[in-house]
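Taking it in order: structure first as structure tokens, then the write-up.
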Amino acid sequence: MPENKILRVLDANFNRCKEGLRVIEDYFRFFLEDNTLRKKIRKIRHTLDTLSLALIKAKAIANRNADKDLGKKIDSLETGRNNISQVLWANFQRVKESLRVLEEFSKLEIPKETPFIKKIRYEIYALEKESFKKGAALRDSR
């Protein structure tokens, strides 16, 4: 597989992951009002920024082809959100899926970072559990 296609996969998934993390961060900030969780997500987001910039960003941006990206159209699965829990859940799924793709494709381009990406994925699993527990407590207290 040509390097530029691998870079496009990594670029798209770094972006997707960071976007999902930002939505989650704002949920922690404005809905849960939990600064500890907000800071944890923000730290992960900034760590991924640093990783992507240092390792692939310059080359990946040069290979980006957003105009012809087959995944840029919104489908009906992306529009159906009825409440904040669904927004949170969808963005945690987006982050976990992106991290898994990053973990697999990093083996081809940036293999020494693969264990680090896996570690972040497991941190997200724990934060997801904690956030839904706190969110349920928030809903129950109303």
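Values quoted throughout were computed directly from the atomic coordinates according to the rules given, and no laboratory measurement underlies them. Treat the numbers as computed from the prediction; the structure is a model and nothing was measured. No Cβ is skipped: glycine too gets one built from the backbone with ideal geometry, and neighbour counts run over all protein chains shown.
Order of 20-33, 102-115 by packing, highest average Cβ count within 10 Å first?
The densest-packed peptide leads the list: 20-33, 102-115.
What ranking do 91-98, 44-51 get when scored by the average of other Cβ atoms within 10 Å per residue, highest first?
Details: 91-98: 19.6, 44-51: 16.4.
Ranked by mean Cβ neighbours within 10 Å, highest first: 91-98, 44-51.
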Could you tell me whether segment 80-130 comes out rounded, prolate or oblate from its Cα gyration tensor? Rule is a ≥ b ≥ c as square roots of the eigenvalues, rounded for a/c under 1.5, then prolate if a/b exceeds b/c, otherwise oblate. oblate
Between residue 118 and residue 5, what length in nm is gained on full extension when 0.36 nm per residue of separation is reduced by their alpha carbon distance? 38.5 nm
Between segment 36-52 and segment 85-108, what is the separation of their alpha carbon centroids in Å? 14 Å
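Nearest 0.05, what FRET efficiency do residue 43 and residue 83 give at R0 = 41 Å with Cβ-Cβ as r? Mind dumping the intermediate values first?
On the way: r = 27 Å, r/R0 = 0.67.
Computed FRET efficiency for residue 43 and residue 83: 0.90.
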Could you tell me which of rounded, prolate or oblate describes segment 1-48, using a ≥ b ≥ c as the square roots of the eigenvalues of the alpha-carbon gyration tensor, with rounded for a/c under 1.5 and, failing that, prolate when a/b is larger than b/c and oblate otherwise? prolate
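Holding the Cα-Cα limit at 20 Å, pick out from 5/43; 5/40; 5/118; 39/112; 40/134 the pairs that are longer than that. Intermediate results must be reported in sequence, preceding the final value.
Numbers: 5/43 28 Å; 5/40 31 Å; 5/118 22 Å; 39/112 26 Å; 40/134 15 Å.
Flagged as over cut-off: 5/43; 5/40; 5/118; 39/112.
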